[in-house]
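Participant: Just dropping this structure here.
The values are calculated or read from the model by the stated rules, or taken from the named source; none is laboratory data. Keep in mind that what you see is a predicted model, and the values were worked out from it rather than measured. We place every Cβ from the backbone using ideal geometry, glycine too, and count neighbours over all the protein chains shown. Each accessible area value is taken on the protein alone, full model and side chains, heavy atoms only, with ligands, DNA and RNA left out. Shrake-Rupley method; radii C 1.70, N 1.55, O 1.52, S 1.80 Å.
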Amino acid sequence: TFQSVWNAVPYNAQRFAEETNRLYALLQGFLAQGYWEGQARQSSLSTLAAMRQRGLSRHFELKAKALQKDLDRSAYRDANYHFQQFRLADLSNDHFGHQQLRKVDHSLQTKSHHLDQYYLITKLRDSCELLNRAYVLNTPYDLGLLERLMAAEDFSIYESPAVQVYWHILKMLQTDAADHFHQLVMLLEAHVANFPPQEIRGLYKYAQNYCVRQVNRGNYDFYQQLFALYQQQLASGVIFEQNQLAHTDYKNIVTIGLRLKAYDWVADFMEENRERVLPAFRENVYQYSRAAFLLEKGQLREAVRLLHQTEFPDLQYLISAKYLQLKAYYELEDHEGLLYLITSFKSFLRRTKSISPQNRSNHFTFLRLLKKIAVLRERKGIIATQQFQERWKAISEELSGEEKTPHRQWLGRVLGEMGE
C-alpha cells in the first residue's frame, strides 16, 4: 500500500505515521465542518464574529438583524435559545462599543438578561439530573451555588417556561411534594411546543417517574395521573420519534389503561399504534398486550391459550408473559397448574444468567408470596378460622414489608379478597 501511494519509494515507517496523522487531522476537520454547517445559527454567529473582526459594520448590522428575526420566530425557549441570544447580544454590544457612539443601546442589557436565563436553566436542568442520579444510585449530591440562590429566591416567578419547569422538577425531587408535581404537569401541557422533542420527553419522564414512585408506595391514585401524562404526550405527538412508538411506552400505556379499566380506549390504542412499534419488538409487545387485555377482561382461558401459542424471544416479554400466566392460573383456581408453573419459573430464573441478582431476588419474592397465598386459599375452610386468620395476617405483614416486589398491588388485591 505504501509503495502504491508513493510510487515504489521504499517503505518509511516515520513518513507513513506522519501522513496518517495528517489524514486523521483532515478527517477531524471534515467532521467539524459538517457539524458546523448543520448548525445554521452557530454558523451565522461565527460569520457575525468574522464581520465584526474585519470591521464590516454595514454587513454586520444586516446579518445581526436577520439573525434576531430568526431567533424571534423560534418556537423553542430552551437553554440553547437563550445562549444564542446571549451570543448575539454579546457581539452586538462589542460592535456598538467600537463605534463609540453616544446613544442608547440595549445590547448589554439584553446580553445580561439572556445570560441569567441560560445560566439558570442550565444549572437547574443539571441539578435535576444530579438529584435524579443521587436518588437512583443512593449517593450524596452538592448543588453548589444554586443551593444558596434557591434559599434566597423562588425561581417559579421567572417568566421563562424552562426556568419554571426545571425549578418545579428540582423542588419535586427535593421535597416529594405533590404541589410541585401538579404545577409541573400544567406547565408541560401549556409549553409543550417551547422545548425540542428530545428535551420535552425527558421532562415528561421526570413527571412519570414521580407517579411511579408514588404508586410503589401504595398511592394508587397516581395511576390516573400517569395515564393522563401518557395521553397528553399522545395528543401532542411528542411521544413519537419519527412517527415510531417505543415498545416500552406501548406496553406501559396498555398496562396502565387496563389497571384503570379503560378497556375500549386500550383496545383502540393497541390497534391504532401497533404498526408504529419497531418490527423487532412489534409482535412481542402486541401479543403480550392482547393477552393482558384478555386477562383483565376476565377471558382467562383465552389469555392462557394465546400465551401458549406465542413465542417470546425477548427475555423481558418472556418474563412478563409468565406473570400473566401465573395470574391466570390463580384466577382460574388451577392449583396444581399454578404450583407447577411457580416451580418451573424458579428453575428458569436460576438458569438465566442475564437476569440481575436484584431482579432475580424480586421475582423469587413474588413467587414465594404467591405460593403462600395459593396454599392458604386451598386450606381455607379446612383449617380452623383462627389459624387461617393468623396465617393471613402473617402473609399480609410480609407483603407490606416487600416494597420492591413485582405486581405487589395484585398480590395485595387477591390476598384481600381471600380474607373477606
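Participant: Looking at 292, 267, which is the one that is in contact with a Leu (Cβ under 9 Å, 6 or more places away or on another chain) and either of a type outside the set (A, V, I, L, M) or in contact (Cβ under 8 Å) with a residue 24 or more places away in the chain (or both)?
Facilitator: Only one candidate passes the filter, namely 292.
Participant: Report every pair of residues separated by at least 6 positions or lying on different chains whose Cβ atoms are under 6 Å apart, first residue within segment 49-62 and under 16 Å from residue 90 (Cα atoms), second open to solvent by 100 Å² or more (accessible area, probe 1.4 Å).
Facilitator: 51/59
Participant: Restricting to segment 178-194, give me the number of residues that are free of Cβ contacts under 8 Å to residues at least 60 places away in the same chain, among the hydrophobic types (A, V, I, L, M, F, W, C) and surrounded by fewer than 14 Cβ atoms within 10 Å (Cβ to Cβ). Steps first, please.
Facilitator: Step one: list which residues in segment 178-194 are free of Cβ contacts under 8 Å to residues at least 60 places away in the same chain, which gives 178-190, 192.
Subset that is among the hydrophobic types (A, V, I, L, M, F, W, C): 178, 181, 184-188, 190, 192.
Imposing the further condition that a residue be surrounded by fewer than 14 Cβ atoms within 10 Å (Cβ to Cβ) reduces the set to 186, 190.
Qualifying residue count for the region: 2.
Participant: Out of the residues in segment 122-174 meeting the condition of being under 18 Å from residue 188 (Cβ atoms) and outside any helix (DSSP H, G or I), tell me which one is least open to solvent (accessible area, probe 1.4 Å). I'd like the intermediate steps shown before the answer.
Facilitator: Going through segment 122-174, the residues under 18 Å from residue 188 (Cβ atoms) turn out to be 124-125, 128-129, 132, 155-156, 158-173.
Now drop any that are not outside any helix (DSSP H, G or I), which leaves 158-160.
Values: 158: 57, 159: 171, 160: 13 Å².
Looking at residues that are under 18 Å from residue 188 (Cβ atoms) and outside any helix (DSSP H, G or I), I get 160.
Participant: Still on this structure: Quick one: in segment 65-86, of everything that is among the polar types (S, T, N, Q) and open to solvent by 20 Å² or more (accessible area, probe 1.4 Å), which residue is nearest to the chain's Cα centre (by Cα)? Steps first, please.
Facilitator: Keep residues of segment 65-86 that are among the polar types (S, T, N, Q), which gives 68, 74, 80, 84-85.
If we keep only those that are open to solvent by 20 Å² or more (accessible area, probe 1.4 Å) too, we end up with 68, 80.
Working: 68: 33, 80: 21 Å.
Within segment 65-86, the match that is nearest to the chain's Cα centre (by Cα) is 80.
Participant: Oh, and also: How about segment 377-390: which of its residues are open to solvent by less than 90 Å² (accessible area, probe 1.4 Å) and assigned to a helix (DSSP H, G or I)?
Facilitator: 377, 378, 387, 388
Participant: Right, something else. Please tell me if residue 77 is assigned to a helix (DSSP H, G or I) and not polar (S, T, N, Q). Spell out the reasoning first.
Facilitator: On the way: assigned to a helix (DSSP H, G or I): no; not polar (S, T, N, Q): yes.
When the stated conditions are applied, residue 77 does not pass them.
Participant: Moving on. In segment 94-121, what residues are of a type in the set (Lys, Arg) and surrounded by 15 or more Cβ atoms within 10 Å (Cβ to Cβ)?
Facilitator: Let us first name the residues in segment 94-121 that are of a type in the set (Lys, Arg), namely 102-103, 111.
Once the filter is applied, which keeps residues that are of a type in the set (Lys, Arg) and surrounded by 15 or more Cβ atoms within 10 Å (Cβ to Cβ), segment 94-121 yields only 111.
Participant: For segment 393-405: of the residues being open to solvent by less than 70 Å² (accessible area, probe 1.4 Å) and at pLDDT 90 or above, which is nearest to the chain's Cα centre (by Cα)?
Facilitator: The qualifying residue nearest to the chain's Cα centre (by Cα) is 399.
Participant: Give segment 261-290 a look and list any residue that's open to solvent by 70 Å² or more (accessible area, probe 1.4 Å), within 21 Å of residue 315 (Cα to Cα) and not in a helix (DSSP H, G or I), or say none.
Facilitator: Selection gives 278 alone.
Participant: Failed condition for residue 89, given (1) touching an Asp or Glu at 6+ places or on another chain (Cβ under 9 Å); (2) open to solvent by less than 50 Å² (accessible area, probe 1.4 Å); (3) at pLDDT 90 or above, with all others met?
Facilitator: Among (1) touching an Asp or Glu at 6+ places or on another chain (Cβ under 9 Å); (2) open to solvent by less than 50 Å² (accessible area, probe 1.4 Å); (3) at pLDDT 90 or above, residue 89 violates only (1).
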